[in-house]
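The structure that follows is given in the form of structure tokens.
The values are calculated or read from the model by the stated rules, or taken from the named source; none is laboratory data. Treat the numbers as computed from the prediction; the structure is a model and nothing was measured. Glycine gets a Cβ as well: all are built from the backbone with ideal geometry, and neighbour counts include every protein chain shown. Note: accessible area is taken over every heavy atom of the protein model, side chains too, but ligands, DNA and RNA are not part of it. Shrake-Rupley method; radii C 1.70, N 1.55, O 1.52, S 1.80 Å.
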Amino acid sequence: MIQYAFYLRSFLLCLMALVLLAAMGGPFIAVISEHAARAQKKVFHDKFARQMATMSVTLSLCALPFCLGGWAVLAFRHPAYVIEGVLSPLLGQASIFVLGILAVALLFLIQYQNSWVRLKEAKLFHMLIGWLTVFVTVGGVYLLLALKRVMIHYPEAFAADPTMASFLSVARFVPLESTLWPFFAAIVLAAPAAAGGLGLLWLLLRRNKEDFGRDYYAYAFKRAAKFALLFGIPAAAAVAWHAVWLAPRFSGIELAQMNLALIDPSQPEWIALAASIGALLLACLLWGVIAASKTPLRQKPTAWFAALLLFAAVLGEGFVLGRLFSLF
């Protein structure tokens, strides 16, 4: 029963991770498309941008209760909490600061989506809000990963002094060989890929409610697939980079001593990473089929299958992170 509960929790966490990735990548796709609409004077670009922004807001608000609930649970169950007289670092200044940055990103996103009509004649200002959403989100994700690294590598010291000064003194000196960097790159690249991949499903779900015509949805379907493909391939490369830098952890040796002879492909971590990369590349292949199709709206099963492969890729990476626990 405990094992089944673990698998269920892992499944739900990875599903939430996929939703959050799509929510993060949506604003980038939206603001790029809004620039294209202004430059090319094509209304289809603007409609697509607005739909991607709306999808991001919807996914963010759906994920928000689960994220806050998960943070609250971790705050009171973190190992550092058992230190007598010391609050969990998740309740410290650094954690609140990181949550505040992500909250600001969400507020920017909501403002970006809600001001579409109001700022119709001030497109440059509206796009500025979109770029602020993108940059604040990326910065918030980096700070979140840095916080996780500090709490794992320096649990006692950080528990004794969970302040901003303590956090920043360590977070700003992340070594180049840290696996934080490939993992961060994988997140940043996978976010637009996930937004494009789930954007295909969002377009299918919204087609009957927002009937912009068959020509528009054929265009939007291909454009979402192109974004998913464009970022899915480098995201797979980032996951492979992450796998290479994780390899010494699987073998218990230093990175400088690693060679192919020491790799045991039967290890579950390697199987999961290979499955993750393979699933993502297969999803890219299917997105390429949609992008190249002359009748993209007939590729609905392809879009759904690609989304399932994308989720499988997230599951593979999530399995490895769950096995290692200490990310960086």
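Collect the residues in region 55-73 that are open to solvent by 40 Å² or more (accessible area, probe 1.4 Å) and closer than 20 Å to R206 by Cα, keeping them in residue-number order.
Result: T58, L61, C62.
Can you tell me which residue among I101, I96 is at pLDDT below 95 and surrounded by fewer than 16 Cβ atoms within 10 Å (Cβ to Cβ)? Spell out the reasoning first.
On the way: I101 fails: surrounded by fewer than 16 Cβ atoms within 10 Å (Cβ to Cβ).
Step by step, each of I101, I96 is checked, and only I96 is at pLDDT below 95 and surrounded by fewer than 16 Cβ atoms within 10 Å (Cβ to Cβ).
Out of the residues in region 121-142 that are touching a helix residue (DSSP H, G or I) at 6+ places or on another chain (Cβ under 8 Å), open to solvent by 50 Å² or more (accessible area, probe 1.4 Å) and of a type outside the set (A, V, I, L, M), which is nearest to W181 (Cα to Cα)?
Y142
Next up: Checking the condition in a helix (DSSP H, G or I), more than 17 Å from the chain's Cα centre (by Cα), more than 24 Å from P27 (Cα to Cα) and of a type in the set (F, W, Y), which residue from F125, F173, F158 passes?
On the way: F125 fails: more than 24 Å from P27 (Cα to Cα); F173 fails: in a helix (DSSP H, G or I).
Only one candidate passes the filter, namely F158.
Right, something else. Among the residues of region 188-229, write down those that are open to solvent by 30 Å² or more (accessible area, probe 1.4 Å) and over 20 Å from K47 (Cβ atoms).
Correct list: V188, L189, L229.
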